[in-house]
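The values are calculated or read from the model by the stated rules, or taken from the named source; none is laboratory data. Everything quoted here is computed from the prediction, not taken from an experiment. Note that each Cβ is placed from the backbone with ideal geometry, even for glycine, and that neighbours are counted across all protein chains shown. Side chains are part of the model used for accessible areas, which takes the heavy atoms of the whole protein and leaves out ligands, DNA and RNA. Shrake-Rupley method; radii C 1.70, N 1.55, O 1.52, S 1.80 Å.
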Amino acid sequence: PLEIAREFVLNKFGLQSEDYVVRDVYQTQVPPVHHVYLRQRISGLEVANANMNINIDGENRIISFGSAPGSQRPQLYRREPVLAPTDAVVRLAQFMRTPIQNPDQIVELMFENLDGEGPAMVLQDVDISTDGDVPVGMSFIATDGGELVQTYSIVLQTDQAWVHAFVDTQGGNVVALNSWTAHAQYRVFPLGANDPEADQRQLVDSQSLAPGFSATWHSMANGTTFTDTQGNNVHAQADPTGRGDWLNLPRPQGNKDLQFDFPLDLTQAPSAYSDAAITNLFYWNNIIHDIFYSYGFNEVAGNFQTSNGDKGGRGGDAVVANGQNGAGTNNADFATPPDGIRPRMRMYLWTVTNPQRDGDLESDIIIHEYGHGISNRLTGGPANANCLGWGESGGMGEGWSDFFSVVFRMKATHTASDNMLLGEYVMAGRGIRRYPYSINQGTNPFSYASLNSISTYDPHTIGTVWASILYELYWNLLETLPFQPDLYSASPNHGNTLALLLVVTGLKLQPCRPTFVTARNAIVQAEELLTHGQNKCAVWRAFAKRGLGIDA
Ligand SMILES: [Zn+2]
């Protein structure tokens, strides 16, 4: 595969082997694809952000490639730095607001030429560094405008932060900064938990992100970092009037240590625990982003991120999540514009109980709302947000969201005789759908034929029919395949994760304005692609049981 990739970049961009370095080569099994990652090199210096990835299938065909070289100007030469490495680190420290007290005691220890990969120099006795050392290399950075800037590449770990920064060797500007820090903590109802009635809050670390993420829960790829509930995937804030300008609304503050640990007194009105609620909302938006990423809702598929780095798709569309929203009650909603435009999630308070309850504390509601964004972006392609507007399509939009919520709640201890409700906490135990999700047709009698007696304008009930069918699919798969407690794994060899894979893949395969029949066909096709007929019977049995079999 590496030779195929080398030939490809030679023909496509005229890059010889000295024009790039090979960063990674690995193979995924399902589907069988080789991934080759190259980084451009000019005059012996790497271009730190000119990364190319080339994907090669089992028959040695190039099936896709991401991004182009940062520059194709062969005549570009490195220049003699104006700034010494120590001065660059001093500039960086000022930029990070942790100034170096004694720059005069820093020793520059060169152990190689400033060439190629890895650090070439270590600065010793840097007083803000946790161990005194700061590795420094040199590389080019390609700016958004396509210019190449020659920079010192500096890895600096202090008590507050751990960053990989790039400082202009001529002018001393901090051109880019990536935060490697991941010590944030949140007191939330974490993944696997659902709400205050069913679970206890826990103090959890931010999940380590999957390899390849350049931005984090609290930073953008361009180096912008946040100490509140904002990052590359979501901006979460409280909007009590329902009309606030989201940028300037109040947010929980984690301070420099990113500690989001706030009191939650449920005997008080929700406004008294706004910080705890928004922290939960922020955490869940990130968790949902990260998990669905591994199921294929990524940059090219139109996911919600401010920076997409070099991974394709349109950025600029992290979720704007306005919690404790005063625009309504007893509901929540999610508006999905096309890729590149920010979606908006609104979580309302529920008036069934006194004091009122807050949907921000119930993960199945957050997942349901985020799920609308996923089904809308995946059906008909990222640029088309109008495929699930009304009728059967609109109803299935509700159904996919319910199904995602149910799957996220499932534990190894659940069995096929369990009934699942949505909105159990905010509705004080009642749930918000006409029937619970159950494979018992006495408990939930819905079938495809039920659509005849449901109004076209009742998407939630149409959706309950659709998700009832998907619930059958879920348990059919678990009859033969084991349960996978790690939802991130996206494994086709486990029942619950295969159910999610089939549904997400089906969303990508189905046509715009799908019907129950065309959406079913897409799931059948997804099974063929993912498990090659091994689970075909389980899939068809689920549809047939609820009247959507082959003759429907
Ligand atoms: Zn909905």
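Table for the structure above
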quantity	calculated
Residue in segment 392-408 that is away from the ligand (no atom under 16 Å from the Cβ) and open to solvent by 10 Å² or more (accessible area, probe 1.4 Å) present	no
The listed residue being crowded, with 16+ Cβ neighbours inside 10 Å and over 24 Å from residue 193 (Cβ atoms), out of 535, 452	535
Search result, residues across segment 389-413 that are modelled with pLDDT of 95 or more and farther than 30 Å from residue 482 by Cα	392, 393, 394, 395
Matching residues in segment 14-36 - criterion: being more than 17 Å from residue 49 (Cα to Cα), surrounded by 14 or more Cβ atoms within 10 Å (Cβ to Cβ) and either touching an Asp or Glu at 6+ places or on another chain (Cβ under 9 Å) or without any contact (Cβ under 8 Å) to a residue 12 or more places away in the chain (or both)	33, 34, 35
Hits in segment 483-504 (condition: within 18 Å of residue 532 (Cα to Cα) and open to solvent by 30 Å² or more (accessible area, probe 1.4 Å))	493, 494
Out of 372, 368, sole residue that is open to solvent by less than 20 Å² (accessible area, probe 1.4 Å), over 16 Å from residue 306 (Cα atoms), modelled with pLDDT of 95 or more and within 12 Å of the ligand (Cβ to nearest atom)	368
Index of the failed condition, residue 416 passing every other in (1) within 15 Å of the ligand (Cβ to nearest atom); (2) assigned to a loop (DSSP other than H, G, I, E, B); (3) under 28 Å from residue 482 (Cα atoms); (4) of a type outside the set (Lys, Arg)	(1)
Residue match in segment 241-256 (condition: in contact with a helix residue (DSSP H, G or I) (Cβ under 7 Å, 6 or more places away or on another chain), closer than 22 Å to residue 176 by Cβ, part of a loop (DSSP other than H, G, I, E, B) and modelled with pLDDT under 95)	no
Of all residues in segment 299-326 being at positive phi and touching a strand residue (DSSP E or B) at 6+ places or on another chain (Cβ under 9 Å), the one that is surrounded by the fewest Cβ atoms within 10 Å (Cβ to Cβ)	312
Matching residues, segment 327-364, being away from the ligand (no atom under 13 Å from the Cβ), open to solvent by 40 Å² or more (accessible area, probe 1.4 Å) and outside any loop (DSSP other than H, G, I, E, B)	327, 329, 344, 357
Qualifying residue in segment 101-110 (condition: in a loop (DSSP other than H, G, I, E, B), open to solvent by less than 90 Å² (accessible area, probe 1.4 Å) and at pLDDT below 90)	no
